[in-house]
1. Working out 0.36 nm times the residue gap between Leu119 and Arg14, then minus their Cα-Cα distance, what length gain in nm do you get to one decimal?
2. Starting at the first residue of region 32-40, write each ³J(HN,Hα) from the Karplus equation 6.51 cos²θ - 1.76 cosθ + 1.60 with θ = phi - 60°, in whole Hz, x for Gly and Pro.
3. What is the dipole size for region 60-212, taken about its Cα centre, with +1 at each Lys and Arg Cβ and -1 at each Asp and Glu Cβ, in debye to the nearest 20?
4. Put +1 on the Cβ of every Lys and Arg and -1 on every Asp and Glu Cβ in the chain; which of Pro9, Val172, Leu237 then has its Cα farthest towards the positive end of the dipole?
5. Work out the length of the dipole vector of the chain about its Cα centre, built from +1 on the beta-carbon of each Lys and Arg and -1 on the beta-carbon of each Asp and Glu, and round it to the nearest 20 debye.
6. In region 111-200, if every C-alpha pair distance is counted and binned at 10 Å from zero, what percent goes to each bin?
7. Which part of region 218-259 falls in the paramagnetic zone of Ser277, meaning amide N under 15 Å from the point 7 Å along Cα-to-beta-carbon?
8. Based on the alpha-carbon gyration tensor of region 197-328 and its eigenvalue square roots a ≥ b ≥ c, which shape applies: rounded if a/c is under 1.5, prolate if not and a/b is larger than b/c, or oblate?
Amino acid sequence: MGQHRARAPLVAIRELGTLGGAVSQAKAVNRLGHVVGTSRDGLGRSRAFRWEERTGIADLGPSIGVHSSANDINERGEIVGGGDTGFGDFHAFLLSEGLSFDLGTLGGNESEALALNRLAQVAGHSRVRGAGAGAVTKHAFFVPEPGKMLDLGSLGGATSVAHDVNDRGEVVGFAETRGGQPHAFRWTVADGISDLGTLDGTVSIALAINNRSEVVGGSGRAFRWTADAGIVDLGTLGGRTSCANDVNDLGWIVGVSQTGETDRRGHPVTHAFLRTSDGCMLDLGTLGGEHSSAAAIAQEDDGTVLIAGHSHDATAAVHAVVWTVRLP
């Protein structure tokens, strides 16, 4: 423990603002410090945004619908998310070199892209063919090349969602079992969809995978899964529950955890965390409010760690933020 304290990490938090509304949330950051996410605008619409140090927060534009989301950005600046089509549907999109490409669906009227890799391969979820407007049946998808959307199926149940894809084309997310319980899964071309199990015996969700095939997510508490060790509990910041939302290629993990304290309403306080490869879990703090959550991690060339997420400020407003962490 003394060795961890001696590291004296330097943590800075920066508020990214909004598009005119009261709420914004950052979903992803690349190693150039470019951030994407979703914000309310002055008309109350949910809009996809991109943030850069030079330009600040900017709406991605009307070409991806009235309501839109931006969920991931790769090193080339390509962005994925979802947007209204103008015909009552909501479709996954890929924004590349200033052009927005509709990725389509698995036959239903709704899809959303949640992740992409450096090759612009995309993962997400879509309503399946035959599911009516009121149905909730959706399946995870993977787009390995333009114009080709693969249905990844499920673990025997009706629903699955893909949350991340690495540069090897391995996809992770959650899928319902025959008993209707959501379980974390990993999908590969060679092996198809595999159940990664749970920590608590009931439910789990995989939210990220790095290029070493390490998977992180939540099953009551944050977990890391590897082929050798299986699913392992990562602990908390002192509270009962936690969830891991992203992992980089160094094995550093970010997410959200209860701290063991309660807020003014009597609810558990939740804070963003960074877990380094040596097992030290660092509380990233907030903008002055009681809650925060870290969604994504990237590392600049100088070793600085960039973490995107959101935080409550002193007025309890929720704003997108970036933490900058420097470890000696």
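1. On the way: separation 105, 0.36 × 105 = 37.80 nm, distance 2.98 nm.
The Leu119-Arg14 span can extend by a further 34.8 nm.
2. Karplus-based 3J(HN,Hα) across region 32-40 equals 7, x, 7, 10, 10, x, 10, 9, 6 Hz.
3. Numbers: 10 positive and 18 negative charges, 52 e Å.
It works out to roughly 240 debye.
4. Farthest along the dipole direction, towards plus: Leu237.
5. Working: 27 positive and 37 negative charges, 95 e Å.
Dipole of the chain, to the nearest 20 debye: 460 debye.
6. Histogram of Cα-Cα distances, whole percents per bin: 19, 51, 26, 4.
7. 247-254
8. On the way: a/c = 2.12, a/b = 1.20, b/c = 1.77.
It is oblate, given that a/c is not under 1.5 and a/b is not larger than b/c.
FYI, it's all coordinate maths here, none of it is from the lab. The shown structure was predicted, so the numbers you read here are calculated from the model rather than taken from an experiment. Heads up, the Cβs are rebuilt from the backbone with ideal geometry, glycines too, and the neighbour counts pull from every protein chain shown.
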